[in-house]
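What follows is a short report on a single structure.
The values are calculated or read from the model by the stated rules, or taken from the named source; none is laboratory data. All figures in this text were calculated on a predicted structure; none of them were measured in a lab. A quick note on method: Cβ atoms are made from the backbone with ideal geometry, for glycine too, and the neighbour counts reach across all protein chains shown. The area values use the complete protein model at the heavy-atom level, side chains included, leaving out ligands, DNA and RNA. Shrake-Rupley method; radii C 1.70, N 1.55, O 1.52, S 1.80 Å.
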Amino acid sequence: MQIVVTGGAGFIGSQLVHLLLETRPEWQIVNFDALTYSGNLENVAGLEANSRYRFLRGDVADPEAAAQALAGADAVIHLAAESHVDRSIQDAGDFIRTNVTGTQTLLDAARRGRLSRFVQVSTDEVYGSLGNEGRFSETSPLAPNSPYAASKAAADLLARAAFHTHGVPVIITRASNNYGPRQFPEKLIPLVISNALAGEPVPLYGRGENVRNWIHAADHCRGILVALERGTPGEIYNFGGDDELDNLSLVKRLLRLAGAGEELIRYVADRLGHDFRYSLDSSRARRELGWRPEIALDAGLTATVDWYRQHPAWLRRARGGDFQSYYARQYEVRLQPAAAPAATHRPTEKSC
Ligand code: NAD
Ligand code: TDX
């Protein structure tokens, strides 16, 4: 089996590449990645020596590069994406190009091949926002609220259309918020850990009341693998963790684990259109694929903080370059000392 993993130099993709090489000794893995700001060859360091692994630098939105990557492939696991909500609010252009055009370009290349599976790795954010009650199932309507979420929903619909129209054997997976080692420090958990380790302020949007459903990336990757092996083309599988937590409680836990105090917390202006709560019903994946998350949040967070503490050089490089200008754009105004706690914007579930 030759498997193409797109986005395999990123946070989740690199964990998946390691998992596939370790647990499927017959498989050849092609890691197809453009190495944008969040792609990092350090995440797959050492694998070049493995004869079953090949790295191919290229853009999923480039038809020639996509065709070259998929030549001879038996399956594609598509993770390459622009993945950060705040960046999509600043500028949606790259999200449309990579997440929408890039997915269609890969689906077009897939049509011409002899693939047995095309796994479209998606997110719970396509379902929109919940109030205090309820969970999203695979039949919940799509109601994305951020440009990022809308670009992922568009990609899912294009994948669905490629299945129905052209018979591309598409399986869609949707996971809740991931955490774990090697996550780019723009996302909440690694941002809090890296700022806390450096003794810097930690920005919390609104009042920190928004709720996220956390899953360790290793549990997510095991889900993607079983979806590839046991899932049914044309179907969707949710992969949510067992733990739901408001952001303030999560940040307090992380600060404790990092040996920092709560005085580092800064309540800053809320994210525009901030989804209040995500919660995924994963009973289908449990029932039909025999999957369940194995890493409890406490143990996972402790190990994650330890990983960042033990990898200062990785963190320094990730926080260099483009990150500094992004951080200044995103937080400079928000982190002014006079910033007062802002009211949380709680979108209701009404349609627009
Ligand atoms: P990431 O930002 O860490 O990695 C994205 C990778 O894609 C990088 O290696 C980057 O170089 C590559 N890439 C970006 N644009 C590309 C292009 N045009 N061509 C080829 N490669 C390109 O993201 P992540 O958090 O690992 O997310 C991976 C996937 O999982 C995404 O599709 C995301 O939507 C989905 N997902 C993420 C989460 C989460 O909590 N992080 C949750 C659910 C689903
Ligand atoms: O500085 C911050 N302060 C803050 O309060 C940041 C970066 C985030 N937050 C809040 C916003 C969210 O309520 O923390 C929560 C988590 O934020 P992110 O880490 O940016 O994740 P989220 O927006 O929930 O989206 C994530 O989960 C779904 C990933 O980034 C997506 O790629 C994935 O699809």
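Quick notes on this one:
- Check on LEU79, among the hydrophobic types (A, V, I, L, M, F, W, C), surrounded by fewer than 21 Cβ atoms within 10 Å (Cβ to Cβ) and within 20 Å of ALA175 (Cβ to Cβ): no
- Residue match in region 300-321 (condition: of a type in the set (Asp, Glu), within 22 Å of ARG222 (Cβ to Cβ) and open to solvent by 30 Å² or more (accessible area, probe 1.4 Å)): yes
Table: residues versus (1) in contact (Cβ under 8 Å) with a residue 24 or more places away in the chain; (2) on the phi > 0 side of the Ramachandran plot.
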site: ALA161; (1), (2): no, no
site: ARG182; (1), (2): yes, yes
site: ALA218; (1), (2): yes, no
site: LEU255; (1), (2): yes, no
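- Checked against (1) of a type outside the set (Phe, Trp, Tyr); (2) within 13 Å of ligand 2 (Cβ to nearest atom); (3) open to solvent by 10 Å² or more (accessible area, probe 1.4 Å); (4) not in a helix (DSSP H, G or I), THR173 passes all but a single condition, namely (3).
- Region 224-279 - residue that is assigned to a strand (DSSP E or B), over 23 Å from VAL333 (Cα atoms) and of a type outside the set (S, T, N, Q) and, of those, most open to solvent (accessible area, probe 1.4 Å): GLU244
- Residues located in region 304-319, provided they are closer than 22 Å to ASN213 by Cα and in contact (Cβ under 8 Å) with a residue 40 or more places away in the chain: THR304, VAL305, TRP307, TYR308
- Some residue of region 101-113 being within 12 Å of ligand 2 (Cβ to nearest atom) and open to solvent by 20 Å² or more (accessible area, probe 1.4 Å): no
- Checking each residue in region 208-217 for being within 20 Å of SER83 (Cβ to Cβ) and assigned to a loop (DSSP other than H, G, I, E, B) picks out only ASN210.
- Pairs with Cβ under 9 Å, 6+ apart, first in region 64-80 and free of Cβ contacts under 8 Å to residues at least 40 places away in the same chain, second of a type in the set (A, V, I, L, M) and not in a loop (DSSP other than H, G, I, E, B): ALA65/LEU56; GLN68/LEU56; GLN68/ALA109
- Count - residues of region 102-134 that are touching a Leu at 6+ places or on another chain (Cβ under 8 Å) and within 16 Å of ligand 1 (Cβ to nearest atom): 13
- Residue within region 184-207 that is assigned to a strand (DSSP E or B), near ligand 2 (Cβ under 9 Å from one of its atoms) and within 19 Å of the chain's Cα centre (by Cα) present: no
- If the condition is being open to solvent by less than 20 Å² (accessible area, probe 1.4 Å) and under 23 Å from ALA285 (Cα atoms), then region 143-161 contributes ALA149, LYS152, ALA153, ALA155, ASP156, ALA159.
- Within region 76-94, the set of residues being touching a Phe, Trp or Tyr at 6+ places or on another chain (Cβ under 6 Å) and within 12 Å of ligand 1 (Cβ to nearest atom) comprises GLU82, VAL85, SER88.
- Among the residues of region 45-66, those that are among the aliphatic types (A, V, I, L, M), touching a helix residue (DSSP H, G or I) at 6+ places or on another chain (Cβ under 8 Å) and buried (at least 16 other Cβ atoms within 10 Å of the Cβ) comprise LEU47, VAL60, ALA61, ALA66.
- Residue match in region 116-135 (condition: open to solvent by 10 Å² or more (accessible area, probe 1.4 Å), farther than 30 Å from ALA299 by Cβ and more than 15 Å from ligand 2 (Cβ to nearest atom)): yes
- Taken across region 19-27, residues that are aromatic (Phe, Trp, Tyr) and either within 16 Å of ligand 2 (Cβ to nearest atom) or without any contact (Cβ under 8 Å) to a residue 40 or more places away in the chain (or both) do occur, with at least one present.
- Only helices (runs of 4 or more DSSP H) whose full extent lies in region 31-136 are considered here, and the ones with at least 3 residues that are closer than 26 Å to ARG317 by Cβ are 85-90.
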